[in-house]
Amino acid sequence: VEGMRDAGFERDSTAALYGVGLIPVLRVSVTDGALFDAALSRIEDKAGEKMQVAKIGNSAFRYADADDVKIIVATFKTQVVITLVPASFNDDQIGQVLGLTLPDTNIAESGVLADIAKEYGYTGNYVGLVDVQKIVNTFTGDASGTDAALLALMEDDSPQLSDVCKAEVREFGGIAPRIVMGYKSIDENGADTQAVVELRDDLASGLATLPAAVPGLGGDPGGLMSFGMSMDVKAARDFYEARLDAIEADPWECPQFADMQIGLAAGRQALQQPVPPMVYDFKGFLAVINNLEGMDLARSTPPTSIDGRMLLAMDNAPALLAMGAMMSPELAGMNIEPNGEPVPFNLPQMAMVASSVFVALQDNGLAMSFGDGMEDGLNDMMNAEASENGTFLSFSMDAGRYYSFIGEAMMLAEQDDENPMPPGMRAALNDVVMAAGGFYDRMSADFRFTERGIEIDSDVTFQD
């Protein structure tokens, strides 16, 4: 903390990452630019190499040449600006990027971030936007100012697109015109963050039909980690067929997209292939791992035993077990009834996974437990709430234990003979990882298909 303060950073330092057109700029507030400048000089002294210094008017900045670009670090009284620009940019163009010359309009004045925060319920702590459509339009001919100069440098390496191709590329931009992100909440207990890939209405509506209801999916069931997904296979097939119909009705004309047009016939052929009815019964799965024993990440050694549970959600689950019983006399002899009661699953191959394996069956799902006492939670797992909130993928983990695994693996990993990591750096990285494990409690993320597009909700809780 003191090192950060000595460099001019405080707890209330703020930052903005934005584009001057296509050029990325990071602007960070500091208590005193001279403190940051002195810290940078100390780093240069230790590295035995200094950045070059240039001036625009009364404003000096440091830079380093990297092939065809300049990496620039400019220090002002209460702000630090970090960016990269083409090496050929003149002082006027660099001044625009650094903000020495202010633009006529900016994103803050437009109110678009405030509108996003209001629409999505984000706090003022963090709000972001990537205007994909505007970026695509810039690359296809709507460039001006520094963007025009930047694209002029790229013309020799870029394919020349016809007007037809440019129009179709812009159509691609309309598939996901914006990506927005922000905090839904943040306090001393944790932070809820969301990112949304906004999709074209017809695609968003189609994707929203794909997720299915899987008990317990879309939350944090605890344990070391959990992961799961859902899929309405019939809806996925209908969505794919609708996409093929759309391409057939309005075919691509740009030569660069010829492969996609050719793939239309292969897609139609794939839809003609017979699909076993049981595939359409599938709805998804959820796996919860409570503990792993014997796993060694450093040596890529798999675990010797697993404690956990797994749920397979599907219509007519007894038919799946009946099919397995036709191929396994041991399974046929277990007489597993669809009443949800755990039954010992004594197949020889299961002994390699866990000392105790149980299975429970219901009409709409099958669940298995691995490890002593894990069968006690099978009934609750099968009868958990099946939320229909569009969850497609879900993941959660015990962050403290995860970072402990990573830290141990880093310290035990074999070194690359050509690029060995100095012991001090390895120890420092381990300290960082272990500190993260002492700071974060749990992490989870849900990927959902909704009428707005693809929504990614992540939840992080902090240690007490």
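The values are calculated or read from the model by the stated rules, or taken from the named source; none is laboratory data. As the structure is a prediction and not an experimental result, all values here were calculated from the model. Cβ: placed from backbone, ideal geometry, glycine included. Neighbour counts: every protein chain shown. Heads up: the accessible areas ignore ligands, DNA and RNA and are worked out on the full protein's heavy atoms, side chains in. Shrake-Rupley method; radii C 1.70, N 1.55, O 1.52, S 1.80 Å.
Miscellaneous remarks
- Pairs of Cα atoms nearer than 8 Å and 6+ residues apart set the relative contact order; for the chain it is 14 percent.
- Cα centre as origin, Lys/Arg/Asp/Glu Cβ charges: the chain dipole, Debye: 500
- Long-range amide H partners of residue 290 with built H, under 5 Å: 224, 307, 308, 309
- Extension reserve of the residue 43-residue 346 stretch, reckoned as 0.36 nm per residue once the Cα distance is removed: 102.8 nm
- Amide hydrogen neighbours beyond the local backbone of residue 126, cut-off 5 Å, H modeled: 183
- What the Cβ-Cβ distance of residue 153 and residue 330 gives, at R0 = 56 Å and to the nearest 0.05, is a FRET efficiency of 0.25.
- Each helix, a run of at least 4 DSSP H residues, gives -39500 (n - 2.57); summed and divided by the residues of the chain, these come to -10500 deg cm²/dmol at 222 nm.
- Cβ-Cβ distance of residue 163 and residue 439, R₀ of 56 Å, FRET efficiency by 1/(1 + (r/R0)^6): the value works out to about 0.55.
- The lysine pair tally for the chain, using Cα distances under 26 Å and a gap of 8 or more places or different chains, is 13.
- Backbone amide hydrogens, once placed in the peptide plane, bring residue 398 within less than 5 Å of 225, excluding anything fewer than 5 places away on its chain.
- Rolling a 1.4 angstrom probe over the chain with all protein chains present gives an accessible area of which 56% lies on carbon and sulfur atoms.
- At most 15 other Cβ within 10 Å, DSSP loop - GluC sites (Glu not before Pro), region 1-47: 10
- In sequence order, calculated HN-Hα J values of region 189-197 (Karplus, 6.51, -1.76, 1.60; Hz; x Gly/Pro): 8, x, 9, 10, 10, 9, 10, 10, 8
- J(HN,Hα) series, region 336-343, from Karplus relation 6.51 cos²θ - 1.76 cosθ + 1.60, nearest Hz, glycine and proline x: 7, 9, x, 10, x, 7, x, 10
- In order along region 212-217, the Karplus-derived 3J(HN,Hα) couplings, from 6.51 cos²θ - 1.76 cosθ + 1.60 at θ = phi - 60°, round to 10, 8, 10, x, x, 6 Hz, and Gly and Pro are given as x.
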